[in-house]
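A short write-up of the structure that comes next.
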Amino acid sequence: MQPSPVNQELELSSVKHHIKKERRELLLRRFFSNKLALTGSVIILFILLFTLIGPLLTSHDPYELAAKKRLLAPSAEYLLGTDNYGRDLLSRVVHGAKVSIGVGFSVALITSIFGMMIGLYAAYFRSLDNILMRICDGLMAFPAILLAIAIMAALGPRVENVVIALSIVFTPYVARTVRSSALVVKEQTYIEALRSQGASSLRIIWSNIAPNVISPLVVQATFIFADSIITEAALSFLGAGIPAPAPSWGNLLYDGKMVIFNAWWMTVFPGVAIMLTVLGLNLFGDGLRDLLDPHNNKAKK
């Protein structure tokens, strides 16, 4: 007696659910066995918790001026000391984390969206490839910091303009990564079969090619995230980024450079925050690349 169609459908659904569960468990095991990804995740989690819990550790306003309390060393009242205007450094580092991490995340998200679109269409359409890639080559010919400074000089010092400038700077790198992966997928046999069956270019690009470039895109986005934080800090340190008195990490370093020998805490603590965040993102990106690359020997261990 043959099973009914309903029973067959239930069995098929159960098998699919079991396969998905096994894949998730395998991915988790590989993740926890990957020291780079695990270490990076712990550091990133620590930074996020510090950003969220930091305001509970101090009741001081990051913008409140107190001339009599300027350049106080770390103490029980001011855990990280005060700056050259008497403002609580812990409050400013915490609020600076929100600004710097927010800028980095926004840039990573925007560059991922536009870089993916540019890379996919450049890989699929030969007529667009030469035009789009030459524009990307032109943007990549300039050092990132110099191009960002030039764009900021034209747009003006605002948080939104920093995001726009860094998105323009880093989008070509994402587009290049997506394009190289999409070119490999484009030559696969099943893509040719879809074309022969009359599938539209839009369907092939977004339903069949795009899902296969997500892995390198996500890895590249983590590195862009880290690079954006460093570049934003450099812009603010040079006076071309987020305007004062906004407490970005770059602005904190800018304020501390004149008193670095008298008030070491003004440069050390923001610098450590930048270092840990970038280190965590880079370690996580390296580990994620090992996990998502099936040909990588590290991911197989």
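The values are calculated or read from the model by the stated rules, or taken from the named source; none is laboratory data. Quick caveat, the model's predicted, so the values are computed rather than measured. Glycine gets a Cβ as well: all are built from the backbone with ideal geometry, and neighbour counts include every protein chain shown.
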Report task. Considering each residue of the range 263-284, count those that are in contact (Cβ under 8 Å) with a residue 12 or more places away in the chain, over 18 Å from SER91 (Cβ atoms) and surrounded by fewer than 22 Cβ atoms within 10 Å (Cβ to Cβ), and give that number. Result -> 4
Query raised in the report: ILE209: part of a helix (DSSP H, G or I) and either of a type in the set (Ser, Thr, Tyr) or over 22 Å from LYS98 (Cβ atoms) (or both), yes or no?
Result: yes
Query raised in the report: What number of residues within the range 192-222 satisfy the criterion of being acidic (Asp, Glu) and crowded, with 16+ Cβ neighbours inside 10 Å?
Result: 0
Report task. Please enumerate the residues belonging to the range 154-197 that are within 16 Å of the chain's Cα centre (by Cα), among the small types (Gly, Ala, Ser) and within 21 Å of ALA246 (Cα to Cα). Result -> ALA165, SER167
Requested in this report: For the range 81-98, state whether one or more residues are part of a loop (DSSP other than H, G, I, E, B) and under 17 Å from VAL272 (Cβ atoms).
Outcome: yes
Report task. Show the residue pairs that are 6+ apart or on different chains and have beta-carbon atoms under 7 Å apart, the first residue being within the range 44-56 and of a type in the set (Val, Ile, Thr), the second being surrounded by fewer than 16 Cβ atoms within 10 Å (Cβ to Cβ). Result -> ILE47/LEU276; THR51/LYS98
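Going by the conditions given, is ALA244 farther than 24 Å from LEU90 by Cβ and either out of contact with any helix residue (DSSP H, G or I) (no Cβ under 7 Å at 6 or more places or on another chain) or in a loop (DSSP other than H, G, I, E, B) (or both)?
No, not satisfied.
Could you list all residues from the range 132-162 that are surrounded by fewer than 11 Cβ atoms within 10 Å (Cβ to Cβ) and not charged (D, E, K, R)? Steps first, please.
Step one: list which residues in the range 132-162 are surrounded by fewer than 11 Cβ atoms within 10 Å (Cβ to Cβ), which gives 134, 138, 141, 143, 146, 154, 156.
Those that are surrounded by fewer than 11 Cβ atoms within 10 Å (Cβ to Cβ) and not charged (D, E, K, R): GLY138, ALA141, PRO143, LEU146, ALA154, GLY156.
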Report summary line: Screening SER41, SER33, SER106 for residues that are surrounded by 11 or more Cβ atoms within 10 Å (Cβ to Cβ), touching a Lys or Arg at 6+ places or on another chain (Cβ under 8 Å), among the small types (Gly, Ala, Ser) and in contact (Cβ under 8 Å) with a residue 40 or more places away in the chain leaves only SER33
Report summary line: The lone condition ILE118 fails out of (1) modelled with pLDDT of 95 or more; (2) closer than 21 Å to GLY250 by Cβ is (2)
